[in-house]
Amino acid sequence: MTKLVVLAVLAVVLAAAVFLYNRLVRLRNTLRASWSDIDVMLKKRYDLVPNLVEAVKGYASHEKSTLSQVTEARTKAMRAEGPADKAREENTFTDTLKSLFALVEGYPDLKADASFLELQTQLVEIENGIEYARRYYNAVVRDYNTMTEAFPSNLIASGFGFAREKFFALSSPEERDRVDVSFS
């Protein structure tokens with residue numbers, strides 16, 4: 001009788017360990033897939049930006065400094081690896097894109113150009129997709145990290161090398177500041 005109880009307890013423990021291991025694997029794979037989704041959206045943005053720069057060049061050829069900053073920031077963002085580096089470089093890239101659109105404000109003909117407007121619309125759609133992908137990635141990271149740290153799944157996680165992952169976060173506290181818009 002004692003042997004049966006011990007075997008039943010071992011079977012339950014083994015089944016729980018298998019269940020926890022499989023859940024960790026599923027979360028890790030979802031995490032990797034969601035990171036890949038971010039990469040896909042960023043690639044679309046990287047491919048679109050040279051077209052935007054070319055469209056602006058035609059109207060504002062003397063603004064080479066801003067245009068080269070955008071190109072340089074794009075290159076750095078493309079080379080970044082991992083969530084922390086990628087987040088930092090992406091935030092810098094986004095700031096340079098803002099300066100590009102601020103530059104566009106001074107060229108009414110460019111703002112009315114149909115191809116530029118189409119590129120701008122595509123960029124807005126891509127930016128919305130990136131925002132969604134980042135939020136999804138961070139939600140998966142939260143669930144994964146909770147699994148790797150909570151008992152008893154932390155025993156399985158540490159035993160099989162499941163390590164904590166980093167969130168795709170803001171690179172500086174200033175990015176949390178409120179932006180004031182004035183039409184005067």
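Reported count of residues in segment 125-168, each being of a type in the set (Lys, Arg) and not in a helix (DSSP H, G or I), is 2.
Screening Leu117, Leu123 for residues that are surrounded by fewer than 14 Cβ atoms within 10 Å (Cβ to Cβ), over 17 Å from Thr30 (Cα atoms) and either at pLDDT below 95 or touching a strand residue (DSSP E or B) at 6+ places or on another chain (Cβ under 8 Å) (or both) leaves exactly one candidate, Leu117. One residue stands out among those in segment 67-125 that are of a type in the set (Gly, Ala, Ser) and farther than 18 Å from Lys57 by Cβ: the one that is nearest to the chain's Cα centre (by Cα), which is Ala87. Condition first: among the aliphatic types (A, V, I, L, M), under 25 Å from Leu67 (Cβ atoms) and in contact with a Ser or Thr (Cβ under 9 Å, 6 or more places away or on another chain). Can you find one or more residues in segment 141-156 that meet it? Checked segment 141-156: no residue is among the aliphatic types (A, V, I, L, M), under 25 Å from Leu67 (Cβ atoms) and in contact with a Ser or Thr (Cβ under 9 Å, 6 or more places away or on another chain). Can you tell me which residue in segment 34-70 is nearest to Tyr107 (Cα to Cα), limited to those that are polar (S, T, N, Q) and surrounded by fewer than 13 Cβ atoms within 10 Å (Cβ to Cβ)? Only one residue tops the list, namely Ser61.
Every residue, every condition in (1) closer than 30 Å to Ala33 by Cβ; (2) in contact with an Asp or Glu (Cβ under 7 Å, 6 or more places away or on another chain); (3) in contact (Cβ under 8 Å) with a residue 40 or more places away in the chain, yes or no:
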{"residue": "Leu52", "(1), (2), (3)": "yes, no, yes"}
{"residue": "Ala60", "(1), (2), (3)": "no, no, yes"}
{"residue": "Ser65", "(1), (2), (3)": "no, no, no"}
{"residue": "Ala77", "(1), (2), (3)": "yes, yes, no"}
{"residue": "Gly82", "(1), (2), (3)": "yes, no, yes"}
{"residue": "Asp95", "(1), (2), (3)": "yes, no, no"}
{"residue": "Glu105", "(1), (2), (3)": "no, no, no"}
{"residue": "Asp113", "(1), (2), (3)": "no, no, yes"}
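For every residue, the table says whether it meets (1) closer than 25 Å to Asp113 by Cα; (2) of a type in the set (A, V, I, L, M).
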{"residue": "Leu4", "(1), (2)": "no, yes"}
{"residue": "Arg26", "(1), (2)": "no, no"}
{"residue": "Ala33", "(1), (2)": "no, yes"}
{"residue": "Pro50", "(1), (2)": "yes, no"}
{"residue": "Ala55", "(1), (2)": "yes, yes"}
{"residue": "Leu67", "(1), (2)": "yes, yes"}
{"residue": "Lys76", "(1), (2)": "no, no"}
{"residue": "Arg79", "(1), (2)": "no, no"}
{"residue": "Gly82", "(1), (2)": "no, no"}
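Any residue in segment 101-124 that is part of a helix (DSSP H, G or I), basic (Lys, Arg) and within 19 Å of Leu67 (Cα to Cα)? Yes, because at least one residue in segment 101-124 is part of a helix (DSSP H, G or I), basic (Lys, Arg) and within 19 Å of Leu67 (Cα to Cα).
Selection of segment 126-147 for residues being of a type in the set (Ser, Thr, Tyr) and crowded, with 19+ Cβ neighbours inside 10 Å yields Tyr137, Tyr144.
The values are calculated or read from the model by the stated rules, or taken from the named source; none is laboratory data. All values reported here derive from a predicted model rather than from experimental measurement. Cβ sites come from the backbone with ideal geometry, for glycine too, and all protein chains shown count toward neighbours.
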